[in-house]
Amino acid sequence: MKALPVGTDALLVEVASGEEAQALLADLLRRRAEGSLTVREIVPAARTVLLDGLSDPARLAAELTSRPVPPVPPRTAGTVEIPVRYDGPDLADVAAHWGVPEAEVARIHADAEFRVAFCGFAPGFGYLTGLPARYEAPRRSTPRTSVPAGSVALAGPYTGVYPRPSPGGWQLIGTTDVVLWDPTREPAALLAPGTRVRFVPVAPTGPAT
């Protein structure tokens, strides 16, 4: 573990893996909740955690780097379920990359239990881990100029759901009607770091008859 100073009252803590970053995040959030850590913001990323608003960053840096990364905490109750239609335009490409039929992509993805590793890119966008490493998917060689809101997508080891229309280079495997970001809701973001997520397959919506 490395702890790098950022400005006068922040630290960027680097660890070796996404799993270690999630474990460190859980430990820091626990310490803040119990009152043994005073910090304004805790912001996780792929393999780092930023702590902003520290009174004594040097002391905390010495403490963190003198001990091992804490173990991943046990899973807690409560899972956000996201209904998804596996009808994305890149479903066939992902199936070919995985070497499975298209229907198997939906089964594999829906059978996994995901956890939000960190958030970023756009308000409400969570980077979800949970698929086995053999099912990583490459980004598209040519990004799309506009990806519809609600698109369920894969890139590398992550799954994500686009909270609003935006450019993107992830592989689109499905769509959902769930609102990921609503400024009138409390909290506005449906997903937060550490949240457990499952995707629930639903039938594609057909044309009206």
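The values are calculated or read from the model by the stated rules, or taken from the named source; none is laboratory data. Remember, it's a predicted structure, so these values are computed and weren't measured experimentally. Every residue, glycine as well, gets a Cβ built from its backbone with ideal geometry; the counts of neighbours run over all protein chains shown. Keep in mind that these areas ignore ligands, DNA and RNA; they rest on the heavy atoms of the full protein, side chains included. Shrake-Rupley method; radii C 1.70, N 1.55, O 1.52, S 1.80 Å.
For the reader, a short list of remarks on this structure follows.
Rundown of residues vs (1) touching a Pro at 6+ places or on another chain (Cβ under 9 Å); (2) open to solvent by 50 Å² or more (accessible area, probe 1.4 Å), yes/no style:
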| residue | (1), (2) |
| --- | --- |
| TYR135 | yes, no |
| PRO143 | yes, yes |
| GLY160 | no, no |
| SER166 | no, no |
| GLN171 | yes, no |
| TRP181 | yes, yes |
| GLY194 | yes, no |
| PRO204 | no, yes |
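- Contact map, segment 28-50: first residue open to solvent by 60 Å² or more (accessible area, probe 1.4 Å), second residue of a type in the set (A, V, I, L, M) and part of a strand (DSSP E or B), Cβ cut-off under 6 Å, separation 6 or more or different chains; pairs are VAL43/LEU50.
- Qualifying residue in segment 111-120 (condition: open to solvent by less than 70 Å² (accessible area, probe 1.4 Å), of a type in the set (Lys, Arg) and touching a residue at least 60 places away in the same chain (Cβ under 8 Å)): yes
- Among residues of segment 18-27, those that are of a type in the set (Gly, Ala, Ser) and open to solvent by 30 Å² or more (accessible area, probe 1.4 Å), counted: 1
- Segment 97-209 holds strands (runs of 3 or more DSSP E) entirely within its bounds, and those carrying 3 or more residues that are among the aliphatic types (A, V, I, L, M) map to 151-155.
- Count of segment 102-120 residues which are more than 22 Å from PRO163 (Cα to Cα) and at pLDDT below 95: 2
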